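Chemist: Let me begin by handing over the structure; questions about it come next.
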Amino acid sequence: MSGARVLVTGASSGIGRATAELFAGQGAQVAMVARRQSALADAARALPKDCAFTIAADVTREADAERCMREAVEKLGGLDVLVNAAGILKSGDITQTSLAMWDEMLNINLRAVFHLMQLAVPHLKASRGSVVNVSSVTGLRSFPGVLAYCVSKAGVDQLTRCSALELAPFGIRVNAVNPGVVVTSLHSSGGMGAEQYEAFLERSKGTHPLGRVGQPQEVAELIAFLASERAAWITGETVSIDGGRALTCAR
Ligand code: NDP
């Protein structure tokens, strides 16, 4: 990835942060995007010097998304890779999911991904670059109690496949990664208490056939592979990285 010009959303935490670290460690130039400037600054400080800069933006706001793409492209001198990792998770079944919650989840997890991809297309055409979207096992499989989240991720998967077809003639590749449970701030930010999270992680050992949950760095490795020339003939894929979780059925 040496010299690659990369924009990573959700770079203040978890999978996005690990991805920014990995890309920067491989010699890429990284624009790190998230809402919280202080958390972004902490994340950027951990990277090799002069490999990254931060852009505080709420990517669900159209003007913010436009500004962050403009700033990133200006400072990077173009764009080779867009990684859409920003996202949130809130629980709720069909009776509990308010329209406000539905909109919030769909706005960040799907609409903002679409918007940033749309903004990136002219720059990716120039570089014959690629997009990696962070989807989820919940895009590929159905789970009760996280309705809007599952729908948003299924939308990301179809967005990935359809746009891959549309952008292939321009040499732009679009792929997604579909992680199982990964240890990040996602669940606590979504309202899960510390005790409940510990119990969830413990239970997840049983629901993931390899007997453990994942780490953000493992997902970052797959993102970096899909973004790289080594994956030059892969597009429109939704790639599971979940310890076998997507293979299982309820019994
Ligand atoms: P984290 O909560 O650790 O990170 C989420 C990131 O998204 C943060 O950097 C947050 O930064 C950013 N973010 C949230 N809302 C916005 C917004 N409106 N504008 C800009 N940035 C935003 O969670 P993960 O690292 O786990 O999540 C990354 C992706 O991975 C998500 O799409 C999630 O759905 C997906 N995923 C996670 C799994 C897991 O088990 N952890 C499993 C499968 C998929 P800030 O708060 O500073 O804005």
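The values are calculated or read from the model by the stated rules, or taken from the named source; none is laboratory data. This structure is a prediction, so every number in the text was calculated from the model and none was measured. With ligands, DNA and RNA removed, areas are computed over all heavy atoms of the protein, side chains included. Shrake-Rupley method; radii C 1.70, N 1.55, O 1.52, S 1.80 Å.
Chemist: Under a 10 Å cutoff between Cα atoms, tell me which one of Val239, Val134, Val146 has the largest fluctuation in the Gaussian network model of the chain.
Modeler: Val146
Chemist: What fraction of the Cα pairs in segment 68-113, stated in percent, has a spacing above 16 angstrom? Write down the numbers at each step before the final one.
Modeler: On the way: 547 of 1035 pairs.
Tail fraction, whole percent: 53.
Chemist: So what does Ser189 come to for accessible area, using a 1.4 Å probe and Å² rounded to 10?
Modeler: 90 Å²
Chemist: Okay, next question. If you build the Cα gyration tensor of segment 1-81 and take the root of 5 times each eigenvalue, what three semi-axes come out, in whole angstrom, biggest first?
Modeler: Equivalent ellipsoid of segment 1-81: 18, 15, 9 Å, largest first.
Chemist: Also, quick follow-up: With 22 Å as the cut-off, how large is the P(r) tail for segment 34-111, expressed as percent of Cα-Cα pairs? Display every interim value, and only then the final one.
Modeler: Working: 1072 of 3003 pairs.
Tail fraction, whole percent: 36.
Chemist: Let me ask something else. For a quick check: with amide H placed at 1.01 Å from N, whose amide H comes under 5 Å from Thr54's, ignoring anything fewer than 5 positions away on the same chain?
Modeler: Met32
Chemist: Okay, moving on. Under 8 Å for C-alpha pairs, at least 6 residues apart: give me the relative contact order for the chain, rounded to a whole percent.
Modeler: Computed over the chain, the figure is 20 percent.
Chemist: If you wrap a convex hull around the Cα atoms of segment 129-251, how much volume per residue is inside, in Å³?
Modeler: Looking at segment 129-251, the number lands at 110 Å³ per residue.
Chemist: If you don't mind, there's one more thing I want to ask. Given the C-alpha centroids of segment 144-213 and segment 14-64, what is the distance between them in whole angstrom?
Modeler: What the calculation gives is 20 Å, centre to centre.
Chemist: From the backbone phi of segment 115-131, what are the Karplus-calculated ³J(HN,Hα) couplings (6.51 cos²θ - 1.76 cosθ + 1.60, θ = phi - 60°) in whole Hz, Gly and Pro given as x?
Modeler: Computed from phi, the couplings for segment 115-131 are 5, 5, 4, 4, 5, 7, 3, x, 6, 6, 4, 5, 9, 6, x, 8, 10 Hz.
Chemist: For Ser240, which sequence-distant residues (separation of 5 or more, or a different chain) have an amide H within less than 5 Å of its own amide H, given hydrogens modelled in the peptide plane?
Modeler: Under 5 Å from the amide H of Ser240: Asn178.
Chemist: Using helices alone, what [θ] at 222 nm do you get for the chain, with -39,500 (n - 2.57) per DSSP H run of 4 or more residues, divided over all residues and rounded to the nearest 500?
Modeler: Values: 10 runs with 115 residues, N = 251.
For the chain, the value works out to -14000 deg cm²/dmol.
Chemist: Which value, in Å² and to the nearest 10, is the accessible area of Arg173 when all protein chains are kept and the probe is 1.4 Å?
Modeler: The value for Arg173 is about 30 Å².
Chemist: On to the next question. Where the accessible area of the chain is counted over protein heavy atoms with a 1.4 Å probe, how much of it, in %, is carbon and sulfur?
Modeler: In the chain, the share of accessible area belonging to carbon and sulfur is 54 percent.
Chemist: Let me ask something additional. Per residue, what accessible area does the chain have, given a 1.4 Å probe and all protein chains present, in Å²? Walk me through the numbers on the way to the answer.
Modeler: Values: 11930 Å² over 251 residues.
So the chain comes to 48 Å² accessible per residue, rounded to a whole number.
Chemist: In Å³ and rounded to a whole number, note down the convex hull volume per residue for the Cα atoms of the chain.
Modeler: Per residue, the Cα convex hull of the chain comes to 121 Å³.
Chemist: Pick out which of Glu198, Glu21, Glu229 has the largest mean-square fluctuation in a Gaussian network model of the chain, springs linking Cα atoms closer than 10 Å.
Modeler: Glu198
Chemist: Of Lys49/Lys153; Lys125/Lys153; Lys90/Lys205, which ones are farther than 30 Å apart at the Cα?
Modeler: Too far apart for the 30 Å limit: Lys49/Lys153.
Chemist: Could you give me D for segment 1-149, from Stokes-Einstein at 4 °C and 1.567 mPa s, where the hydrodynamic radius is the Kirkwood radius over C-alpha pairs? Units µm² s⁻¹, please.
Modeler: Reported coefficient: 83 µm²/s.
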